[in-house]
Structure formats: C-alpha cells, structure tokens
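Visitor: First, the structure itself, so that you have it in front of you.
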Amino acid sequence: ILIPHFNDASGLERSINSIEAQNWTGDLRIVLADDGSCKKEFARVEHLAKQASCPITLLRDSTNRGRAITRNRLLEQVEAPYVAWLDAGDLWMPNKLKIQFEHISRLRHRGGNLENIWVTCDYYWRWEGKRARSTLQDVNQDQVKGLLMGSNLRAYLWTILAPASSFKRIGRFDEELP
C-alpha cells in the first residue's frame with residue numbers, strides 16, 4: 001500500500017487505522033513517503049510508523065517536491081505482486097481489499113489475463129464538514145469509454161488494486177504536471 005504524505009499526521013493516522021481495520025487476511029506492507037513535512041509533523045509520522053501493527057517502510061524528502069515525484073518514489077519501492085494506493089487523510093471501508101482480492105481470485109480461476117486488470121471499487125466521497133455521498137461505479141458499460149468520457153466510472157488511485165507490473169509497464173507519473 002503506497003501512501004504519499006505531506007504535513008497531515010492526523011489524516012495519516014486515520015488512513016493507517018483504516019488499513020489496519022481491513023478484514024482481508026493477507027499480508028500488508030505500507031510504504032509511506034513523506035514529502036518534506038515540517039519537523040513537528042514528521043516526528044508524529046515517525047511515531048505512527050513505529051506504532052502501526054503492519055510493517056511500514058518510511059521514506060522522507062527534506063523538501064516538498066510535489067505529489068508526482070513522491071508517487072514515483074513510492075513506485076520504486078514496490079516489491080509485492082499487487083499495489084494499492086491511499087493518500088494520507090483518505091480512508092478505506094473495512095472490506096475494500098477483501099472484495100477486490102476475491103474479484104481477482106475469480107478472474108484468475110476463469111483464466112483471465114491479470115496483468116491488464118485494475119480492480120476499482122465504489123466509494124463514499126465526503127470532504128471535511130460536508131455530507132457524505134455514495135458514488136456507485138457503473139461497470140456494466142464500455143469501461144474504457146466510461147473512464148475517459150463518462151461520469152459514473154472513475155479509477156481514482158485510492159480505489160484501485162492492480163498488479164504492480166501494470167504500474168511499472170505504464171511508467172512514471174508526469175512530474176511536470178501540477
């Protein structure tokens with residue numbers, strides 16, 4: 001699980017808690033890249049990493065270099081066959097990974113090519129202080145067209161579970177984009 005972080009230790013704590021609350025029983029490893037947080041926030045991040053129940057590899061940049069550079073740095077650390085993303089401050093429902101890995105298992109049993117599969121999920125979208133709204137993914141459509149032109153299918157990084165090889169094949173995040 002790859003987590004970029006910048007100056008939001010409280011949000012990061014909630015994110016880690018949502019990972020630890022997953023009801024999927026496989027091994028989890030978090031790679032956390034701090035993108036130049038101030039000393040006080042980074043001290044809190046170090047404490048959270050030491051207290052977590054699953055292993056956390058903690059990386060740190062001394063200056064804020066931006067989200068794309070941080071995401072690329074995280075990708076360089078991938079050792080597992082599957083990758084999931086979670087931005088600091090975002091939360092997963094407890095059954096997210098279980099449902100996604102069960103779907104991958106069904107595809108594997110059918111003989112599907114898993115190298116080209118990204119499994120996304122429904123999500124609740126709520127900004128602090130605003131009402132939550134459920135967003136159901138419409139997967140019963142031309143999914144490529146739905147992702148590129150539709151409004152009811154999204155592949156936000158924090159909704160995706162995918163083979164690590166697919167991220168490596170696609171390449172790096174464009175560091176010139178804001």
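The values are calculated or read from the model by the stated rules, or taken from the named source; none is laboratory data. Computed from a predicted model, the values in this text were never measured in an experiment. Heads up, the Cβs are rebuilt from the backbone with ideal geometry, glycines too, and the neighbour counts pull from every protein chain shown. We work out accessible area using only protein heavy atoms, side chains counted, and drop any ligands, DNA or RNA first. Shrake-Rupley method; radii C 1.70, N 1.55, O 1.52, S 1.80 Å.
Visitor: Can Leu177 be described as within 30 Å of Ser37 (Cα to Cα) and open to solvent by 40 Å² or more (accessible area, probe 1.4 Å)?
Guide: When the stated conditions are applied, Leu177 passes them.
Visitor: Let me ask something else about it. Quick check on this structure: which one of Ser62, Ser165, Ser151 is open to solvent by less than 80 Å² (accessible area, probe 1.4 Å) and either under 20 Å from Ser15 (Cβ atoms) or out of contact with any Cys (no Cβ under 9 Å at 6 or more places or on another chain) (or both)?
Guide: None of the other options fit; the residue is Ser165.
Visitor: Checking Cys38 against (1) open to solvent by less than 70 Å² (accessible area, probe 1.4 Å); (2) out of contact with any strand residue (DSSP E or B) (no Cβ under 9 Å at 6 or more places or on another chain); (3) modelled with pLDDT under 95: exactly one of these is not met. Which one?
Guide: Condition not satisfied by Cys38: (3).
Visitor: Within the range 85-106, does at least one residue satisfy the condition of being in contact with a strand residue (DSSP E or B) (Cβ under 8 Å, 6 or more places away or on another chain), without any contact (Cβ under 8 Å) to a residue 40 or more places away in the chain and among the polar types (S, T, N, Q)?
Guide: No; the residues of the range 85-106 include none that is in contact with a strand residue (DSSP E or B) (Cβ under 8 Å, 6 or more places away or on another chain), without any contact (Cβ under 8 Å) to a residue 40 or more places away in the chain and among the polar types (S, T, N, Q).
Visitor: Here is a further query. Going through the range 77-114 one residue at a time, which ones are open to solvent by 80 Å² or more (accessible area, probe 1.4 Å) and in contact with a Lys or Arg (Cβ under 9 Å, 6 or more places away or on another chain)?
Guide: Glu79, Leu91
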